[in-house]
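Heads up: the structure comes next, in structure tokens.
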Amino acid sequence: MKEQLQRELESLQPMVELDPASAKGNWLGSVTGNEYRRLEVDYGCGMGEYVIKSAKANPVTLFVGVDCVPYVIADAAQNAIEAGVSNVRFALIEEDDELAQIFDAEEVDMLHINFPTPHARAHDAEKRMTCCTKLIGYREILSSRSVIRMKTDSQPLFDYSLTQIKPAGYRLNWRANEVSRMLPMDPVSEYEAKTKAEGACAYGFEIAPLFDPDPDAVKIYEARSEASPAVEPSPGQSLYDFLPGDLKAMPYIPSDMRKSVENMIEAQERIARNRGGE
Ligand SMILES: C[S@@+](CC[C@H](N)C(=O)[O-])C[C@H]1O[C@@H](n2cnc3c(N)ncnc32)[C@H](O)[C@@H]1O
């Protein structure tokens with residue numbers, strides 16, 4: 001990280017927790033002067049809009065925004081300071097870090113995953129924040145009363161994520177094709193506002209870790225955690241497998257797939273034209 005950015009993050013303490021691993025197990029206690037009763041984490045928090053609005057609406061909850069991009073954490077912390085909220089903290093982690101490195105067993109009451117990077121390619125399936133192995137990993141920081149809420153503008157990511165819930169041992173509490181109808185008071189994140197303006201819906205669900213995960217999925221999770229070569233990574237699923245049959249009928253194409261889907265539509269039209277000319 002550039003020295004200037006490091007200095008900026010240091011100047012933003014305590015809004016930025018510079019050593020989040022040292023706060024593990026004591027996030028609620030680390031913020032003095034208040035009696036916080038709940039801890040909610042926004043994983044991939046971006047510029048912090050969701051946590052800042054949530055914090056204003058829920059003063060007895062401590063919100064921790066976590067992201068892997070240093071300048072994003074700096075901007076989010078600056079925004080929180082300007083908004084005058086005291087029940088927010090931000091933590092910078094590495095892209096491959098596990099949340100269990102900075103949160104203790106049963107420490108997190110609610111985990112928000114808002115508009116995660118979809119990682120459409122099969123090769124990147126295990127980077128998705130809602131893939132089965134990651135969902136199994138989150139169980140380490142959740143209690144049986146905790147929940148995970150996910151929102152996305154990507155229908156393929158949403159449909160893929162729904163397939164990951166059961167093998168990871170979670171119960172689906174609800175799913176929605178437009179979360180704002182289900183939760184009208186839920187804050188709109190920066191990315192949600194941007195994609196809504198482009199005609200997207202916010203698909204989403206809430207899940208709870210109530211069942212035993214599938215033993216084969218646990219084996220893969222354990223092999224990943226131990227970096228053991230014993231279990232071969234199973235071939236990941238491409239999000240392109242979750243596109244609808246009629247691509248032209250899609251009301252909105254998520255930005256990471258837009259170019260490829262447009263090319264696929266063009267190819268389909270070319271084939272149809274050639275067939276017509278036969
Ligand atoms: C599309 S943005 C969404 C930001 C915000 N949640 C919102 O709804 O406006 C995805 C965010 O996830 C962060 N991110 C992606 N992979 C991550 C990882 N492995 N760990 C932490 N943050 C990650 C990115 O840096 C980015 O800020």
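Here are the numbers for the structure shown:
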{"read-out": "Test: residue in region 19-29 that is modelled with pLDDT under 95 and either in contact with a Ser or Thr (Cβ under 6 Å, 6 or more places away or on another chain) or at positive phi (or both)", "value": "no"}
{"read-out": "All positions within region 188-221 that are in a loop (DSSP other than H, G, I, E, B) and more than 16 Å from the ligand (Cβ to nearest atom)", "value": "G199, P209, L210, F211, D212, P213, D214"}
{"read-out": "Any chance S154 is under 18 Å from S180 (Cα atoms) and out of contact with any Gly (no Cβ under 7 Å at 6 or more places or on another chain)", "value": "yes"}
{"read-out": "Any hit, region 83-96, residues being away from the ligand (no atom under 15 Å from the Cβ) and free of Cβ contacts under 8 Å to residues at least 12 places away in the same chain", "value": "yes"}
{"read-out": "Selection count, region 172-187, where residues are part of a helix (DSSP H, G or I) and either surrounded by fewer than 16 Cβ atoms within 10 Å (Cβ to Cβ) or in contact (Cβ under 8 Å) with a residue 60 or more places away in the chain (or both)", "value": "2"}
{"read-out": "When residues of region 121-139 are limited to those that are within 13 Å of the ligand (Cβ to nearest atom) and hydrophobic (A, V, I, L, M, F, W, C), the one farthest from Y36 (Cα to Cα)", "value": "C131"}
{"read-out": "Selection from region 169-187 of residues that are within 15 Å of the ligand (Cβ to nearest atom) and out of contact with any strand residue (DSSP E or B) (no Cβ under 7 Å at 6 or more places or on another chain)", "value": "S180, L183, D186, P187"}
{"read-out": "Residue satisfying condition, being more than 18 Å from I113 (Cα to Cα) and among the aliphatic types (A, V, I, L, M), within set A223, A202", "value": "A223"}
{"read-out": "Some residue of region 232-241 being modelled with pLDDT of 95 or more, surrounded by 17 or more Cβ atoms within 10 Å (Cβ to Cβ) and among the aromatic types (F, W, Y)", "value": "no"}
{"read-out": "Members of region 31-52 found to be within 16 Å of the ligand (Cβ to nearest atom) and among the charged types (D, E, K, R), listed by number", "value": "E40, D42, E49"}
{"read-out": "Residue list for region 91-137, filter: at positive phi and over 11 Å from the mean Cα position of the chain (by Cα)", "value": "E106, H119"}
{"read-out": "Flag if S238 is away from the ligand (no atom under 16 Å from the Cβ), of a type in the set (S, T, Y), in contact (Cβ under 8 Å) with a residue 60 or more places away in the chain and within 30 Å of M264 (Cβ to Cβ)", "value": "yes"}
{"read-out": "Residue satisfying condition, being in contact with a Phe, Trp or Tyr (Cβ under 6 Å, 6 or more places away or on another chain), of a type in the set (G, A, S), modelled with pLDDT of 95 or more and over 25 Å from I220 (Cα atoms), within set A83, A91, A76", "value": "A76"}
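Per-residue answers, yes or no, for (1) in a strand (DSSP E or B); (2) of a type outside the set (A, V, I, L, M, F, W, C); (3) within 30 Å of S161 (Cα to Cα); (4) within 16 Å of the ligand (Cβ to nearest atom):
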| residue | (1), (2), (3), (4) |
| --- | --- |
| E8 | no, yes, no, no |
| G29 | no, yes, no, no |
| S54 | no, yes, yes, yes |
| F63 | yes, no, yes, yes |
| N79 | no, yes, no, yes |
| E106 | no, yes, yes, no |
| L111 | yes, no, yes, yes |
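Residue-wise test of (1) farther than 25 Å from P209 by Cβ; (2) within 12 Å of the ligand (Cβ to nearest atom); (3) at pLDDT 95 or above; (4) in contact with a helix residue (DSSP H, G or I) (Cβ under 7 Å, 6 or more places away or on another chain).
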position	(1), (2), (3), (4)
D67	no, yes, yes, yes
P70	yes, yes, yes, yes
E98	no, yes, yes, yes
I102	no, yes, yes, yes
N114	no, yes, yes, yes
P118	no, yes, yes, yes
I141	no, no, yes, yes
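The values are calculated or read from the model by the stated rules, or taken from the named source; none is laboratory data. All values reported here derive from a predicted model rather than from experimental measurement. When we count neighbours, we look across all protein chains shown, and the Cβ atoms used for this are built from the backbone with ideal geometry, even at glycine.
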